[in-house]
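Here's the structure, in structure tokens; my notes come after.
The values are calculated or read from the model by the stated rules, or taken from the named source; none is laboratory data. Just so it is clear, the model here is predicted, and its values are computed rather than measured. Because the Cβ atoms are built from the backbone with ideal geometry, glycine has one as well, and the counts that use them run over all protein chains shown.
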Ligand code: NDP
Ligand code: OXD
């Protein structure tokens with residue numbers, strides 16, 4: 001029983017070590033040293049070259065190394081096999097930290113204070129309490145619901161948005177087109193944690209920015225293509241938005257000449273909001289393989305019609 005580790009961006013070493021420790025009976029191969037492709041039953045992948053998984057005739061289950069599967073689903077040659085996306089508590093903890101960090105950064109005027117410090121200027125600003133600040137979270141899945149809960153736990157007045165109705169204690173949960181309007185209209189700080197699908201691509205555009213309260217801040221840790229870059233730049237220029245924290249970009253790495261790099265109102269990080277951690281993620285994959293071997297249903301399966 002073999003698993004192929006295929007990532008075009010991650011070092012295989014910590015993964016091979018974790019599988020050896022957690023499931024010694026599993027034969028782990030590292031692409032492109034696949035050996036006999038007929039041995040491979042499982043593949044753990046991130047950004048595989050298009051068509052590559054088709055070359056594995058005995059493949060039974062594909063595991064995505066990341067939570068977002070938009071890139072995988074964009075491969076027209078992706079085999080028609082179960083695809084499990086990454087759900088593991090390391091990802092949830094990482095994204096919660098990032099969301100809390102960025103919301104507090106803007107809520108407590110850190111962006112302005114860092115600029116004042118650089119100018120050697122003593123400029124105290126009015127400080128509000130978390131319960132006086134309205135935060136919106138787009139996407140109430142594994143990551144969005146945990147971030148929303150943590151923010152509500154700090155006292156923020158949180159509303160969240162999902163495709164289907166959800167209930168989360170202490171959070172105003174909304175869904176559908178009307179729900180989006182309501183969330184946007186009340187969000188002084190908006191956090192995007194949606195999957196990238198045909199419905200959500202470009203959702204953070206001029207129209208959405210025009211619905212936010214004037215001077216709102218947008219935090220995007222989902223996918224770069226949720227944002228229409230030109231609309232974001234215009235909204236920052238006009239003052240409709242006061243700032244943005246961006247962890248993800250339509251093109252990664254962000255090209256050196258991209259205006260986001262030096263924009264005074266943008267905080268940019270290199271897609272590090274919630275890295276997948278080899279130890280916790282291997283636990284999750286091993287559990288799924290054990291379930292599959294025992295004939296139990298897999299969990300966290302991607303619904304291809306939904307796109308996530
Ligand atoms: P989930 O699938 O668990 O949750 C997705 C949420 O988005 C659900 O609440 C879903 O609604 C909602 N949603 C999907 N489509 C729509 C829609 N059309 N309208 C309204 N709501 C919608 O995903 P995760 O929370 O695990 O991950 C979210 C995304 O975060 C990933 O897809 C990935 O792109 C990004 N990510 C970024 C990382 C980083 O480091 N920057 C790391 C990990 C993930 P419903 O509840 O009704 O299904
Ligand atoms: C993910 C990511 O989807 O790293 O997990 O972006």
Next item on the list: Sort through 296, 233, 204 and tell me the only one that's away from ligand 2 (no atom under 16 Å from the Cβ) and under 25 Å from residue 5 (Cβ atoms).
Entry: 296
Margin query: Residues to consider are 72, 59, 6; find the one that is under 21 Å from the mean Cα position of the chain (by Cα) and away from ligand 1 (no atom under 16 Å from the Cβ).
Written below: 6
Check: Could you give every pair whose Cβ atoms fall below 6 Å, whose first residue belongs to the stretch 265-278 and is more than 18 Å from residue 12 (Cα to Cα) and at pLDDT 95 or above, and whose second residue is assigned to a loop (DSSP other than H, G, I, E, B) and more than 8 Å from ligand 1 (Cβ to nearest atom), counting only separations of at least 6 or pairs across chains?
Finding: 266/260; 268/260; 271/252
Checklist line | Candidates 284, 245, filtered to the one that is in a helix (DSSP H, G or I) and either in contact (Cβ under 8 Å) with a residue 60 or more places away in the chain or surrounded by fewer than 21 Cβ atoms within 10 Å (Cβ to Cβ) (or both) | finding: 284
Next item on the list: Answer with yes or no whether residue 193 is buried (at least 19 other Cβ atoms within 10 Å of the Cβ), under 19 Å from the mean Cα position of the chain (by Cα) and farther than 22 Å from residue 97 by Cα.
Entry: no
Next item on the list: Could you please let me know if residue 176 is buried (at least 20 other Cβ atoms within 10 Å of the Cβ) and at pLDDT 95 or above?
Entry: no
Margin query: So residue 46 passes all but one of these: (1) farther than 14 Å from residue 284 by Cβ; (2) in contact with a helix residue (DSSP H, G or I) (Cβ under 9 Å, 6 or more places away or on another chain); (3) more than 13 Å from ligand 2 (Cβ to nearest atom). Which condition number does it fail?
Written below: (3)
Notebook entry, point to check: Do the conditions hold for residue 143, that is, is it at pLDDT 95 or above and away from ligand 2 (no atom under 16 Å from the Cβ)?
Noted result: no
Margin query: So, restricting to helices (runs of 4 or more DSSP H) that lie completely within the stretch 1-107, which ones have at least 1 residues that are at pLDDT 95 or above and exposed (fewer than 14 other Cβ atoms within 10 Å of the Cβ)?
Written below: 13-22
Margin query: Looking at the stretch 97-112, can you tell me whether even one residue there is more than 23 Å from residue 225 (Cβ to Cβ) and within 16 Å of ligand 2 (Cβ to nearest atom)?
Written below: yes
Margin query: Could you check the stretch 80-107 and list, in sequence order, the residues that are closer than 15 Å to residue 137 by Cα and within 14 Å of ligand 1 (Cβ to nearest atom)?
Written below: 92, 95, 96, 97, 98, 99, 101, 102
Notebook entry, point to check: If you check every pair at least six apart or on different chains, which have Cβ atoms under 9 Å apart with a residue in the stretch 162-173 that is at positive phi first and a residue that is surrounded by fewer than 18 Cβ atoms within 10 Å (Cβ to Cβ) second?
Noted result: 170/153
